[in-house]
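Some notes on the structure that comes next.
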Amino acid sequence: MRSVYVIVMDSVGVGAAPDAERFGDAGADTFSHVIEGEDLSQIDLLLSLGMKKLCHPPLEGEVTGVWGKMQEKSAGKDTTSGHWELCGLVTEKPMPTYPNGFPKRIIDKFERETGRKVIGNKAASGTEIIKELGEEHIKTGALIVYTSADSVFQIAAHEEVVPIEQLYHYCEIAREIMSGDDACGRIIARPFVGSPGNFVRTLNRKDFSLKPQGKTILNVLQEHGVRTTAVGKINDIFCGEGISDPVYAHGNQQCCQATLQLIQEKREGFIFVNLVDFDSNYGHRNDKEGYFRCLVEFNQVAKQLISLCDDETCILITADHGCDPTDASTDHSREYVPVLVYRKGIQPGEVGVRDGFGDLGATVCELLGCTPELQGKSFADVILR
């Protein structure tokens with residue numbers, strides 16, 4: 001293959017993993033719950049590629065792609081460990097979480113080094129906490145710091161109170177502080193605009209992740225001379241490690257347009273795309289209807305991508321975890337993730353239940369002519385038959 005695209009539908013899980021109960025996620029089933037009661041003709045392509053077989057209960061009808069699902073090996077259910085494992089790096093130790101807020105020693109140091117007070121310091125929904133504390137932030141200049149069930153340190157600030165570059169600098173300070181035993185997965189800048197009662201988060205979000213704690217397929221591919229392109233927040237998730245060309249885009253619409261442009265240009269190598277809106281705009285906000293609309297929009301984009309595929313292009317669609325918008329929680333859920341594969345002339349088939357997300361990374365390597373060197377077992381033979 002000349003080009004392999006991996007598109008991550010961020011949080012589109014396909015049913016509770018066997019260990020979901022340990023994570024408090026028994027019964028989670030993001031995709032099946034989102035499509036319940038909806039007009040499924042609007043997501044016809046996704047269903048025909050194989051999602052119909054991953055519903056509960058499965059839907060009738062033929063499948064046109066190669067399909068299956070993967071169970072995570074990593075110790076968490078977060079964006080960072082999910083993406084790393086897709087690229088062959090398993091996170092053995094859970095990244096630290098702070099359900100009761102960050103310890104005083106961390107907040108005190110952060111306040112000293114930024115010169116600003118902190119308000120919040122609790123686990124909260126990002127949209128709710130700016131409703132609660134946005135006005136106080138504007139009046140005092142104090143930074144809104146919060147977390148979630150994931151391993152994140154999030155800083156919200158109004159763009160007219162804290163300029164974007166200054167907010168990013170504060171995140172860099174937090175990244176230095178959150179190290180060692182406190183090395184959380186991501187520091188996230190969460191800028192917003194508007195006035196009390198009408199605050200809106202902007203597209204200037206930026207993630208400051210840990211560097212991968214080992215080699216990923218991005219490194220392997222680069223070592224073999226394969227070009228690696230990262231669209232959306234992928235570059236942030238991997239701290240640029242193993243990435244030849246970052247394509248900065250925000251939200252599904254921009255990321256999809258960038259991906260369409262790349263496939264039209266016949267970009268060579270590995271193109272890795274994250275579609276964040278499923279998770280950030282709808283999963284975390286328990287917005288089932290919005291989540292389904294997001295699936296409908298991507299279904300249309302996927303049709304365009306497939307129409308542009310040539311004999312040397314392969315598209316793999318997957319996810320990094322779940323985030324069921326129909327349950328009581330607003331956090332990620334421990335779920336299987338889908339594997340949907342299309343290439344021109346592909347013979348429909350099944351790859352079963354894969355033991356680890358790393359099978360996808362191994363498959364990417366083999367499709368691009370590299371020997372997989374990391375965790376994972378390739379299923380390229382099913383795609384190429």
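The values are calculated or read from the model by the stated rules, or taken from the named source; none is laboratory data. These numbers were taken from a predicted model, which means no experiment stands behind them. Please note: Cβ atoms are built from the backbone with ideal geometry, for glycine as well, and neighbour counts cover all protein chains shown. All accessible areas refer to the heavy atoms of the entire protein, side chains included, with ligands and DNA or RNA removed. Shrake-Rupley method; radii C 1.70, N 1.55, O 1.52, S 1.80 Å.
When each of 79, 64 is tested for being open to solvent by 30 Å² or more (accessible area, probe 1.4 Å), in contact with a helix residue (DSSP H, G or I) (Cβ under 9 Å, 6 or more places away or on another chain) and polar (S, T, N, Q), the lone residue that passes is 64. Restricting attention to the stretch 56-73, the residues being within 19 Å of residue 18 (Cβ to Cβ), assigned to a loop (DSSP other than H, G, I, E, B) and touching a residue at least 40 places away in the same chain (Cβ under 8 Å) number 3. Of all the listed residues (21, 85), the sole one being open to solvent by less than 10 Å² (accessible area, probe 1.4 Å) and either of a type in the set (Phe, Trp, Tyr) or closer than 14 Å to residue 336 by Cα (or both) is 85.
Look through the stretch 238-261, keep the residues that are buried (at least 20 other Cβ atoms within 10 Å of the Cβ) and modelled with pLDDT of 95 or more, and return whichever of them is farthest from residue 344 (Cα to Cα). Restricting to residues being buried (at least 20 other Cβ atoms within 10 Å of the Cβ) and modelled with pLDDT of 95 or more, the top hit is 238.
Can you name every residue in the stretch 265-292 that is closer than 17 Å to residue 228 by Cα and either surrounded by 17 or more Cβ atoms within 10 Å (Cβ to Cβ) or in contact (Cβ under 8 Å) with a residue 12 or more places away in the chain (or both)? Steps first, answer last, please.
Step one: list which residues in the stretch 265-292 are closer than 17 Å to residue 228 by Cα, which gives 265-274.
The answer is 266, 267, 268, 269, 270, 271, 272, 273, 274.
Scanning the stretch 331-351 turns up one or more residues that are at pLDDT below 95 and open to solvent by less than 10 Å² (accessible area, probe 1.4 Å). The residues listed here are 241, 297, 223, 265; of these, the one that is within 25 Å of residue 29 (Cβ to Cβ) and not polar (S, T, N, Q) is 297.
Looking for something modelled with pLDDT under 95 and not in a loop (DSSP other than H, G, I, E, B) - is there at least one such residue anywhere in the stretch 80-90? Yes, the stretch 80-90 contains at least one residue that is modelled with pLDDT under 95 and not in a loop (DSSP other than H, G, I, E, B). For the stretch 342-361, the condition of being over 26 Å from residue 24 (Cα atoms), under 17 Å from the mean Cα position of the chain (by Cα), touching a residue at least 24 places away in the same chain (Cβ under 8 Å) and assigned to a helix (DSSP H, G or I) holds for at least one residue.
Within the stretch 120-153, the residues that satisfy the criterion of being more than 25 Å from the chain's Cα centre (by Cα), open to solvent by less than 40 Å² (accessible area, probe 1.4 Å) and among the aliphatic types (A, V, I, L, M) are 133, 142, 143.
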